[in-house]
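Following: one structure in structure tokens, then a few remarks.
Derivation of every value follows stated rules applied to the coordinates shown; laboratory data play no part. As the structure is a computational prediction, the values presented were derived from the model and not from experiment. Quick reminder, even Gly has a Cβ in these numbers, built from the backbone with ideal geometry, and neighbours come from all protein chains shown.
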Amino acid sequence: MSRNEIKLRRKKVSAGDIQRYRNYSLLLKQLERTKRFKRALRFFIYSVFITAFILLLVALVGYLMLRMEKQKNQKQKENSETSWVRPGS
């Protein structure tokens, strides 16, 4: 088969092609809806991940602050207890 015959065969319109392109506007609308849905789903998933990350960060910072405050109070308590003890008693 020559190249020319292959090109002609590719350009030949069959009944399936005609049927497929008959509803072309509906296919384009469905494609647009699908693209919008995928875009919205991607946005939703990213926003959930970002929100979860921020919440974890806030929880971690809160835990660290609480821990530092607890250590600070414990050191102050130890300092106040040692100041009441007299040497040689």
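So what is Rg over Rh here for the stretch 7-81, counting just Cα atoms and using Kirkwood for Rh?
1.66
At LEU66 and VAL48, where each label point lies 7 Å from the Cα along Cα→Cβ, what is the point-to-point distance in nanometres?
Roughly 2.7 nm, to one decimal.
Enumerate the calculated ³J(HN,Hα) couplings along the stretch 34-43 in order (Karplus 6.51 cos²θ - 1.76 cosθ + 1.60, θ = phi - 60°), each rounded to whole Hz, writing x wherever the residue is Gly or Pro.
5, 5, 5, 4, 4, 5, 5, 5, 4, 4
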